[in-house]
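The values are calculated or read from the model by the stated rules, or taken from the named source; none is laboratory data. None of the values given here were measured: they were computed from a predicted structure. Cβ sites come from the backbone with ideal geometry, for glycine too, and all protein chains shown count toward neighbours. Note: areas computed on protein heavy atoms with side chains; ligands, DNA, RNA excluded. Shrake-Rupley method; radii C 1.70, N 1.55, O 1.52, S 1.80 Å.
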Amino acid sequence: GTAFSASAWAKAPSGTSTPRIYVGGAGCSASSCTCARSDGGSCTAVVDSTHYCMADFSSVGATPVRIAATYVCGSAITSHDFQLVPAAGASGTTRFSMAQLEVGSYPTSYIPTTTTSVARAADQVSVANPIPTGTANWCVAGDFKPYGGGSWTPPTTGSSFLLTAGNVGTANSI
C-alpha cells in the first residue's frame, strides 16, 4: 500500500484543547493508522470506517505542537480528504497552521506553497558557534532523531556520521 501523512501545527489560545486529524479518501482501504506529536505527548489513532484515519491529540496547550497522522492506503485512492477539527466531546479552541498532506510514512518539514508545487530541498540546520576561534574545548548537544518515526540512513560513500564537529584550520565548525 501507499502511505500518506497529514500534519499541522496546533495550539490552544488559552487552556488546553483536543484537536483531531481526520484523513483518508475515496477508493482507499486504510490498512493502518498512526499518530505522532513533536512534543512527545499522547495521541490515539484508529482506522474509522475503512477509508479514514482518525487521530486525537490530548492536552494541546498554548505552546505550538506539530501533530501528524499517517495512514496506509491498500488500494488506489481517487481523492483525498484532510480535516482538522476538534475531537468528539472536546472543549476549548484550537488554532491550526501550516497544514500539509504528503505521500510518505512520516511528515517532512513544512514547505510553504500557494498555487504551484515546490521541489523539496534537503533539510539543513546550521547554528552559529558561540565559542571564539581557537578555543580548544567546546561541546554540542542535541537530540538527533527524525520526527514522526523516520529513519536516518548513512550515505554509501564518505562519512557515515549524522553530525560532525571539530576544528578546521583555525575555526571551529559543525
Review point. With the Cα gyration tensor of the range 44-122 giving a ≥ b ≥ c as the square roots of its eigenvalues, does the rule (a/c under 1.5 for rounded; else a/b larger than b/c for prolate; else oblate) give rounded, prolate or oblate?
Key: oblate
**Study point:** Computed log₁₀ I(q)/I(0) - Debye formula, equal Cα scatterers, no solvent, the range 16-89, q 0.22, 0.27 Å⁻¹
**Key:** -0.88, -1.17
Practice item. Please give the length that would be gained between S58 and S91 if that part of the chain were fully extended, namely 0.36 nm times their separation in residues minus their C-alpha to C-alpha distance (nm, one decimal). Key: 10.8 nm
Practice item. Please work out the average accessible area per residue across the range 54-109, using the 1.4 Å probe convention, and give it in Å². Key: 49 Å²
**Study point:** 5 angstrom amide H check on C28, placed H, neighbours 5+ away
**Key:** T78
Point to revise | Coil-residue chymotrypsin sites (Phe, Trp or Tyr not before Pro) of the range 55-119, DSSP, other Cβ within 10 Å capped at 15 | key: Y110
